[in-house]
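K.L.:
The structure's right below; bear with me while I get my questions together.
Just so it is clear, none of the values below were taken in a lab; they were calculated from the coordinates. Just so you know, these numbers come straight off a predicted model, no measurement behind them. As a convention, Cβ positions derive from the backbone with ideal geometry for all residues, glycine included, and neighbour counts pool all protein chains shown.
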Amino acid sequence: MGPIRLRRSAGARDGTRESDVRLRSLVAAVAATAMGISLAACGGGDKDDSSGGSTGDQTLTYWASNQGTSLDNDKEVLTPVLQKFTQETGIKVNLEVIGWNDLQTRIQTAITSGQAPDVVNIGNTWAASLQATDAFLPFDGDAMTAIGGKDKFVPTALATGGKEGTDPTSVPLYGLAYGLYYNKAMFAAAGLQPPKTWEEMVAAAKKLTNPAKNQWGMALAAGSYTENVHFAFINAAQNKADWFNSDGKPTFTGDGNVQGVLRYLDLMQKDKVANPSNAQYDNGTKSVNDFATKKVAMVINQNNADSSIVANGMKAGEYGVVPFPAPAGGEQVASHVAGINLSVFKNTKHKDAALKFVKYMTDANTQTTLGKPFSSLPVLKDAKPVFTTDAAEAATFQDVYNTKSKPLPLVPAEDQFESTVGKAMNAMFAKIATGGTVTADDVKAALKTAEDQVAASS
Amino acid sequence: MSVATETAAPAPPKPRSRLEHRPGLNRWLPYALLAPAVLLELFIHIIPMLVGIWMSFVKLTKFFIANWSSAPSAGLGNYKVALDFNNAVGQGLLKSFGVTVVFSLVTVAFSWVLGMAAAVALQPEFRGRGIVRTLFLVPYALPAYAGILTWNFMLQRDTGAVNHVLNQLHLTDGKTFWLIGGNALISLITVAGWKLWTFAFLTLMAGMQSIPRDLYEAASVDGAGNIRQWRNITLPSLRPVNLVLVLVLFLWTFSDFNTPYVLFGTAQPPAGDLITFHIYNASFLTWNFGTGAAMSVLLLIFLMIVTGAYLLVTGRRSRRA
């Protein structure tokens, strides 16, 4: 350092000033960029459409959820359907498709600020929680008649629309159910039959697991709290355990709940039929892709997996679906009543137009048009599933949806149940994946914490 | 600030002579010039802060967010929940606080050391210095989201570059989890440090430009080595810069939200549960904005105490010196 400086000291001063100037402009540029970034970050997520009901008299704003293979795909599918609605009624629809990561926050923002769309898709498990905000239009007698009467819906599907014994604030739009997808060729090669009980499923999965070849029996979305909590619910339901009592108070630490959660965790821990890497799978698409690319023999997913499986190159006849099995002697619950509901914001300025739109989206024609691209089950009583050409698969899912599904707890604290129990399961899977052990006592302690969190904020 | 007023003082005479003809304008001009800043400050900082403080005293749950004014008063209830360390919520907050303290201290130290090393290394002129400087600024110029997302890809277990490289070097079996479990904190510190050290570098480099070169020349004539020069010239001369720099780095890291949010997504591990992210989850996932606001106010109080104490201690010391 020293010598260089000495030699150059004569000419250095001018050089310094010049580099000073350069540095200063550089600093300014960097500061400006940084500010731009942080401002953009602040604005992120609420580039709210001011069109929320204020423009024109017959334009509805509709927030759709992501049902197809991408947001653009959703837009492509919905646009002609909405155009048909405009032709029939003269009501224009302003469509925005919102990804699942943002949808709940967007709805929250809309409720809080009153800057809301007219009609919105919601995950049906949020129905009771959203109903509690009092921001949505109840489908009372008149409103229900306006959309075609409650008798057109499958009763279990309509039951997800809100708390029991109240006017629902949402009506079913797309039906979904869990099923156990299996690779027919792999099962045939190993001489296996599709499993009818949990024990058979585990035995088959063990036979089809070979870690050395990176071949696994099952793929789990073990890092996704929404997926995890569904399995906590279903496995506990198979043990006849509930998550809330009749007063709406959490009962997470019952024996059936703990054993149900542990049974699911044990797929990775004790049975070792799932790759520990699954603990990082933070959405269902990742596990479905493993199945579609034949890295795993089985995956438990909702029927909308079909579009992803086919998109990844697997053909319709190459996989079969059976109901997600309960342990021998357990309750035959194979799914929760999953799906998407449609809600109208209470503060809409176009109530009649909004109800017309709900009627249109839930009528038999529209349901048939959208059933295939969105791989959904019909929510209407007399409709047939159209999402697959595989008749056996369609029958299986329809059977699960109509007779083997139980609705998630219809209580205002349902959303907290999802986040607390789901995240607790994420953490337990992470512990297992990184070499730790999770015992029944650990599960109970984790569920106790979740229960305390829910109790504290209700 | 003080520099600005000092340099501004000698300058005014010329413009003032022109404005003296219009005394009214003269009186109002400073206020008019200040007004936009005051208004913005009011709307961007003061009012939201007051709203936040108000929120911490009401029961703002999902039952009331559609009509805020109907939310009943909670008194100190939200604070009691947040500070009851026998309860799950309080314990969670305490754990998250602990994680954040460790995270901040290590990240600040890491960034400062790296920034200082780079600034010293680029002090002498050499060919290509400009290019190296520019390269060093990349993490800072890159949009935070893109940078952190790239780290997320690199830190994947099966497909990530980090595991691949470690495996090729025979350091690990290439099956390490970086984003879940205990390693999550290490990943978080690395990414946050990577993002932040260039700011330390930039600031220190700017500070070094103002150290008179004669000092170094004199020192090396007296036979002082590089380390001695650094310790006795560079470091003391940079003291005012360092005081501000360390404080700013600490405040930034302590309230860092982007890094855990983008790095972990919705699957954030307990070891990477930083406090701002924890508060976000407490308010948005459970729809309990009252408790979330109470936690934010507690965080604000803590940071104010730390900042106050820091300025008091360092201020006293520099006055003594």
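K.L.:
In sequence order, what are the phi-derived ³J(HN,Hα) couplings for the stretch A:300-315 according to the Karplus relation 6.51 cos²θ - 1.76 cosθ + 1.60 with θ = phi - 60°, rounded to whole Hz, with x for glycine and proline?
P.N.:
With coefficients 6.51, -1.76 and 1.60, one gets 9, 8, 6, 5, 6, 4, 3, 5, 5, 4, 5, 4, 8, x, 8, 8 Hz.
K.L.:
P(r) for the stretch A:149-233: what percent of alpha-carbon pairs falls in each 5 Å bin, starting at zero?
P.N.:
Once binned at 5 Å, the Cα pair distances of the stretch A:149-233 give 3, 10, 16, 15, 14, 12, 10, 9, 7, 4, 1, 0.
K.L.:
Quick check: convex hull of the Cα atoms in chain B, volume per residue, rounded to a whole Å³?
P.N.:
Values: hull volume 75.6 nm³, N = 321.
Value for chain B: 235 Å³ per residue.
K.L.:
Given that compact globular proteins tend to follow 2.2 N^0.38 Å, what is the ratio of the alpha-carbon Rg of the stretch A:317-456 to that value? Intermediate values should be presented prior to the final figure.
P.N.:
Values: Rg = 20.1 Å, N = 140, 2.2 N^0.38 = 14.4 Å.
For the stretch A:317-456, the normalised Cα radius of gyration comes out at 1.40.
K.L.:
Okay, next question. Return the Cα extents of the stretch A:192-300 along principal axes one, two and three, sorted largest first, each rounded to a whole Å.
P.N.:
50, 27, 20 Å, listed from the longest principal axis down.
K.L.:
Could the peptides B:213-220, A:182-189, A:447-454, A:369-376 be put in order, highest first, of the mean number of other beta-carbon atoms found within 10 Å of their residues?
P.N.:
Details: B:213-220: 15.1, A:182-189: 16.6, A:447-454: 22.8, A:369-376: 21.2.
Highest-to-lowest ranking by the protection proxy: A:447-454, A:369-376, A:182-189, B:213-220.
K.L.:
Rounded to the nearest 500, what is chain B's calculated 222 nm mean residue ellipticity when only DSSP H runs of at least 4 contribute -39500 (n - 2.57) each, over all residues? Before the final figure, lay out the partial values.
P.N.:
Numbers: 16 runs with 216 residues, N = 321.
The per-residue figure over chain B is -21500 deg cm²/dmol.
K.L.:
What residues qualify as long-range amide H neighbours of A:THR209, i.e. H under 5 Å apart, gap of 5 or more or another chain, H built at 1.01 Å from N?
P.N.:
A:GLY217
K.L.:
Using the count of nearby Cβ atoms within 10 Å as a rough guide to exposure, how do A:TYR319, B:TYR145 rank from fewest to most? Could the numbers behind the result be given before it?
P.N.:
Numbers: A:TYR319 26, B:TYR145 15.
By the 10 Å Cβ count, ascending, the order reads B:TYR145, A:TYR319.
K.L.:
Let me ask something additional. Residue-wise, which Karplus ³J(HN,Hα) couplings in Hz belong to the stretch A:82-88, taking 6.51 cos²θ - 1.76 cosθ + 1.60, θ = phi - 60°, and x for glycine or proline?
P.N.:
With coefficients 6.51, -1.76 and 1.60, one gets 6, 4, 4, 4, 5, 4, 6 Hz.
K.L.:
At a temperature of 4 °C and a viscosity of 1.567 mPa s, determine how fast the stretch A:264-400 diffuses translationally according to Stokes-Einstein, using the Kirkwood radius over alpha-carbon pairs as Rh; express D in µm²/s, rounded to the nearest whole number. Walk me through the intermediate numbers first.
P.N.:
Working: Rh = 17.5 Å.
The Stokes-Einstein estimate is 74 µm²/s.
K.L.:
Can you list, bin by bin at 10 Å, the percent of alpha carbon pairs in the stretch A:46-187, starting at 0?
P.N.:
The calculated distribution, bin by bin, is 10, 34, 39, 12, 4, 1.
K.L.:
Other chains near A:277-283: what is the mean number of their Cβ atoms within 10 Å of each residue's Cβ?
P.N.:
Values: counts 7, 0, 7, 10, 1, 7, 3.
Mean number of neighbouring Cβ atoms from other chains: 5.
K.L.:
Let me confirm one metric for peptide B:176-189, namely the mean number of other chain beta-carbon atoms within 10 Å of its residues' beta-carbons. Show your work: numbers first, answer last.
P.N.:
On the way: counts 1, 8, 1, 5, 14, 9, 4, 1, 2, 0, 0, 0, 0, 0.
Rounded to a whole number, the mean comes out at 3.
K.L.:
Here's a follow-up. Mean projection of the alpha-carbon convex hull of the protein assembly as shown over all orientations, in nm²? Please list the in-between numbers first.
P.N.:
Details: hull surface 167.9 nm².
Result: 42.0 nm².
K.L.:
Compute the whole-percent fraction of alpha carbon pairs in chain A spaced more than 32 Å apart. Mind showing how you got there, number by number?
P.N.:
Working: 46902 of 104653 pairs.
Roughly 45 percent, once rounded to a whole number.
K.L.:
Whole-Hz ³J(HN,Hα) for each residue in the stretch B:150-162, computed from phi via Karplus 6.51 cos²θ - 1.76 cosθ + 1.60 with θ = phi - 60°, x for glycine and proline: what do you get?
P.N.:
Residue by residue, the stretch B:150-162 yields 4, 4, 4, 5, 5, 9, 4, 6, 8, 10, x, 5, 4 Hz.
K.L.:
Tell me which residues come under 5 Å, amide H to amide H, from A:VAL337 once H is placed; ignore anything under 5 positions away on its chain.
P.N.:
A:LYS406, A:LEU408
K.L.:
Here is a further query. By count of other Cβ within 10 Å, fewest leading, how are A:LYS423, A:LYS213 ordered? Intermediate results must be reported in sequence, preceding the final value.
P.N.:
Details: A:LYS423 23, A:LYS213 8.
Going from sparsest to densest Cβ surroundings: A:LYS213, A:LYS423.
K.L.:
Quick one: check the C-alpha center-to-center distance for the stretch B:232-252 versus the stretch A:321-385, whole angstrom.
P.N.:
Going from one Cα centre to the other spans 60 Å.
K.L.:
Whose amide H sits under 5 Å from the amide H of A:LEU380, counting only residues 5 or more places off or on another chain, with H placed in the peptide plane?
P.N.:
A:VAL154
K.L.:
Next question, about the same structure. Taking every pair of distinct Cα atoms and averaging 1/r, then inverting, what Kirkwood hydrodynamic radius in Å comes out for the stretch A:246-336? Don't skip to the answer; put the middle values down first.
P.N.:
On the way: mean 1/r = 0.0649 Å⁻¹.
For the stretch A:246-336, inverting the mean 1/r across all distinct Cα pairs yields 15.4 Å.
K.L.:
Next question. What average number of partner chain Cβ atoms lie no more than 10 Å from the Cβ of the residues making up A:445-453? Walk me through the numbers before you get to the answer.
P.N.:
Details: counts 0, 0, 0, 1, 5, 1, 1, 7, 9.
Taking the mean over all residues of the peptide, I get 3.
K.L.:
What pairs in A:LYS163/A:LYS346; A:LYS295/B:LYS195; A:LYS150/A:LYS286; A:LYS406/A:LYS448 have C-alpha atoms more than 26 Å from each other?
P.N.:
On the way: A:LYS163/A:LYS346 17 Å; A:LYS295/B:LYS195 36 Å; A:LYS150/A:LYS286 37 Å; A:LYS406/A:LYS448 24 Å.
Over 26 Å apart, Cα to Cα: A:LYS295/B:LYS195; A:LYS150/A:LYS286.
K.L.:
Counting other beta carbons within 10 Å of each Cβ, put B:LEU166, B:LEU25, A:LEU342 in order, fewest first. Before the final figure, lay out each step's value.
P.N.:
Numbers: B:LEU166 16, B:LEU25 10, A:LEU342 25.
In order of increasing Cβ crowding within 10 Å: B:LEU25, B:LEU166, A:LEU342.
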